[in-house]
Amino acid sequence: MTIHKFSLLALGLFSCFIFFGCPQKGGNCEHMGTIKDFTGLDGCKMLIVMDNGEKLQPVKVDPKLTFKDGQRISFSYLPVSGMASICMSGKMVEITCFNLLDEQTDSGYDNGDPNDICKNLPEDVMKVEWMKNILSRSRDIDQVRTFEYQNANAYFFKVSKCCDFQSFVYDCKGNKLCTDGGFTGGDCHGGVLSGISKDKMKLIWSKPGTINK
């Protein structure tokens with residue numbers, strides 16, 4: 001019975017390293033990079049941006065790992081083939097070694113208590129890494145407005161370009177909550193934006209030349 005249990009444990013550890021690339025704390029990983037949230041870009045989510053600028057899609061990782069925008073990491077990887085992805089940026093990889101180098105995001109906020117992050121989030125969108133990333137990826141955003149949602153601030157990224165373009169709502173940690181507008185009307189109404197008038201939201205950023213209305 002003891003031998004049988006040991007065999008199962010050994011098999012589990014072997015599977016972990018082969019299939020998920022378990023993190024090696026203190027291991028000698030080969031590369032350096034930064035976790036970046038590319039939500040909204042061609043179906044992408046969290047990507048690894050290497051220090052040489054190359055982007056990677058981590059499609060095989062230890063399920064215990066949690067990627068957060070702005071994390072500095074050292075890592076090793078193997079290319080993955082034979083898989084499909086809706087993200088059109090970066091090659092797909094398996095993470096075989098992972099070390100977190102910095103316990104803080106690029107914006108300087110501790111990743112420990114999410115309530116503290118939301119409480120201290122500045123209104124200057126260029127000082128919040130995930131907001132700055134969204135604005136740098138889309139030139140169609142005209143305004144950023146904020147409003148209270150579930151005892152914290154939510155952020156409305158307004159796009160007024162055309163009837164088939166959608167605006168987006170994010171929570172204070174940069175998670176997309178819903179979409180608004182476009183041909184489908186989005187999925188915000190009846191939920192996040194229920195009973196909330198856009199003209200009552202607080203304007204915190206607008207693109208130069210935009211009429212604030």
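The values are calculated or read from the model by the stated rules, or taken from the named source; none is laboratory data. Because the structure is predicted, anything quoted here is derived from the model rather than measured. In this analysis, Cβ positions are derived from the backbone assuming ideal geometry, glycine residues included, and neighbour counts consider all displayed protein chains.
Of the residues making up the range 120-160, those that are surrounded by fewer than 21 Cβ atoms within 10 Å (Cβ to Cβ) and touching a helix residue (DSSP H, G or I) at 6+ places or on another chain (Cβ under 6 Å) are Val125, Met126, Lys132, Ala152. Based on this model, can you work out whether Tyr109 counts as of a type in the set (Phe, Trp, Tyr) and modelled with pLDDT under 85? Judged against the criteria, Tyr109 is a match. Identify the residue in the range 161-191 that is of a type in the set (Ser, Thr, Tyr) and touching a strand residue (DSSP E or B) at 6+ places or on another chain (Cβ under 7 Å) and, among all such residues, is surrounded by the most Cβ atoms within 10 Å (Cβ to Cβ). So the residue we want is Ser167. If only residues of the range 44-56 that are within 17 Å of Glu30 (Cα to Cα) and not hydrophobic (A, V, I, L, M, F, W, C) are counted, the one that is surrounded by the most Cβ atoms within 10 Å (Cβ to Cβ) is Lys55.
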